[in-house]
Structures are given as C-alpha cells and as structure tokens.
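The structure under discussion appears below in the form of structure tokens.
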Amino acid sequence: MRTIVKGKNLDVSDSDRRYAEQKVQRLGRLFDDRSDVVVELAKEHSPSIDQRHIVEITLVIDGQPLRGAARGSSFREATDAVVDKVERLAVEHKKRPLNRARPAEEEALRRTLADGETQGDEVPPKKPSVVKIKRFAIEPMFEEDAVARMEDLGHSFFLFVNAESERLAVLYRRRDGDFGLIEPVLGGAYTQGRGKK
C-alpha cells in the first residue's frame, strides 16, 4: 500500500510524517498493495479554536475513494481519530456486495428501459419515494475545499459546513459549468415577505 503524507500550506515535520505513515499501515491489512492512501495535514490559525490540527485521509479502493477527516489539539490526536474513522469506512466497504453495476452496465440498462418505454410497454406509473438515506460526518471546510471534494466524488451537489460562517451550505454545479452556493437563512430576508398582502 502506497502512502503519501503532505501538508496543506505547511511543512510536515519528520516526526508527524513517520507517525502518520505508521498509523496508516493499520489499514494495509484490509487491502492489497494496489491501494493508495493520501494523508493531508492542515492547521487553522485561529486562536479561538482548541482543535486546530486537521488530518484528512483519502483511501482509493477499486477506483472508489473513501475519505475521513478529524480534528485534534495535535496532529497525532487527529491522526488517531481519522484512522479509526477510515478503518470503519473500509470495513463497511469490504462488506458491500461485489455485484454492483458498472457504469457501462448501468448505461445499457438505462437504454433497455428507454427502449421498452418507446415500444409501448405499459408500466404503471410509480410514485416517487425515498429509497436511500445517507448519513455521514460533516467537517467544516472552506468553499474551495468543498468544490474539490465534490469534483473528487463526481457529484452534482455537495452538502458541507462552511468554515467561515459555521452554517450548512449546499454547493451545486450549474448548467454553464460554474458552481452555485445555497446558504439557508432562518428568519432572514427570505421570510420577511411572508404574511404580507
């Protein structure tokens, strides 16, 4: 398993690098040598935050990224926490069934269904319902980091906690290729017009 330890706008000390590499080796027993692990260390420079050290791990398994991030009062504390998180994610990933559809198979299935609809096959309309619920840990991040994370995941939207405002925000891809940001406001400008005629 190849491990890359890097700093985000900081130089990683040799002791922090060795500690991160040593802790990440715990994940090596779960996967083969083809897996890559990137450990990124960052530090917030705000004196009001106790847990300023941030460690993020990205593990690529079978072409799918698994990510985890944690904060701590030191890089070692944050590394311990994030390795535990990623290890749980990795165990869950290994338990998933292997018969997931590949993108080419999904496209063929979509075409087959579309052909069936055009050939007059009568299928009763199905009422939309919630078929999947995702729960995940949210770590505060800046807009640029949210854009990068969304790009890595290949999603058209991304929910995150804005590190500047400490509020939930939704980043989405616009049709023109740019990004939009939705920041919910409770009791703000959007609700002033309610009740007025």
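Every read-out reported here was derived from the displayed coordinates using simple, explicitly stated rules and does not represent laboratory data. Predicted model only: the values in this text are computed from it and were never measured. Don't worry about glycine lacking a Cβ; one is built from the backbone with ideal geometry, like all the others, and counts go over all protein chains shown.
Counting other Cβ atoms within 10 Å, which GluC sites (Glu not before Pro) in segment 128-165 have at most 14 and lie in a DSSP loop?
Details: sites: 143, 144, 151, 164; in loops: 164.
Qualifying residues, ordered by number: 164.
What does the charge add up to near residue 170, with Lys and Arg as +1, Asp and Glu as -1, over the other residues with Cβ less than 12 Å from its Cβ? Don't skip to the answer; put the middle values down first.
Numbers: positive: 167, 173; negative: 143, 183.
Cβ neighbours under 12 Å give a net charge of 0.
For segment 1-97, taking Cα atoms only, what is the radius of gyration to one decimal and the Dmax to the nearest whole Å?
According to the Cα coordinates of segment 1-97, Rg and Dmax are 13.4, 46 Å.
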